[in-house]
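I have placed the structure first, in the form of structure tokens, so that the comments after it can refer back to it.
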Amino acid sequence: MNSSTMEAEITITEKAAKQITKVKAENEIPDNFGLRVGVKGGGCSGFTYTLGFDENPKDADTVIEQFGVKLFVDAKSYFYLMGTELDFSDGLNGKGFVFSNPNASKTCGCGQSFGV
């Protein structure tokens with residue numbers, strides 16, 4: 001397991017961290033669980049982002065901890081997510097997590113899928 005706490009290639013904003021903590025509390029997810037961030041094939045642009053909670057990282061995961069939130073990222077997803085910032089938006093254009101991914105050469109209108 002790779003562990004990174006300083007200058008992580010994938011970053012999370014303080015606003016996103018607060019929302020993740022809120023979602024965990026609302027759904028009674030134990031504090032020790034981390035957020036699994038991933039990429040899978042699909043969506044209108046080729047790839048789609050995935051989010052979910054896991055109790056423990058897998059052996060090949062990169063673990064990133066910022067603002068008290070642990071992110072678990074598998075090796076394949078990490079390749080596509082390097083340099084990405086995970087934020088949370090509650091503005092007029094919709095509410096949800098937002099990925100700012102410098103590797104994405106195109107994105108769809110909903111912002112949940114991308115192409116490289």
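Observations, loosely collected:
- Just one of the listed residues (Phe99, Phe88, Phe114) is in a strand (DSSP E or B) and at pLDDT below 85, namely Phe114.
- Phe67, sole failed condition from (1) at pLDDT 95 or above; (2) among the aromatic types (Phe, Trp, Tyr); (3) on the phi < 0 side of the Ramachandran plot: (3)
- Residue ID - surrounded by the fewest Cβ atoms within 10 Å (Cβ to Cβ), chosen from residues in the stretch 59-73 that are touching a helix residue (DSSP H, G or I) at 6+ places or on another chain (Cβ under 8 Å) and among the aliphatic types (A, V, I, L, M): Ala60
- Counting the residues of the stretch 28-64 that are assigned to a loop (DSSP other than H, G, I, E, B) and of a type in the set (Ser, Thr, Tyr) gives 1.
- Picking from residues in the stretch 9-27 that are part of a loop (DSSP other than H, G, I, E, B) and of a type outside the set (D, E, K, R), the one that is modelled with the lowest pLDDT is Ile10.
- Which numbered condition Asn56 misses (of (1) closer than 20 Å to Ile10 by Cα; (2) surrounded by 15 or more Cβ atoms within 10 Å (Cβ to Cβ)): (2)
- When Ala25 is tested against (1) touching a residue at least 24 places away in the same chain (Cβ under 8 Å); (2) among the aliphatic types (A, V, I, L, M); (3) surrounded by fewer than 19 Cβ atoms within 10 Å (Cβ to Cβ), exactly one condition is not met: (1).
The values are calculated or read from the model by the stated rules, or taken from the named source; none is laboratory data. Being a predicted model, the structure only gives us computed values, none of them experimental. FYI the Cβ positions are ideal-geometry reconstructions off the backbone, even for glycines, and counts take in every protein chain you see.
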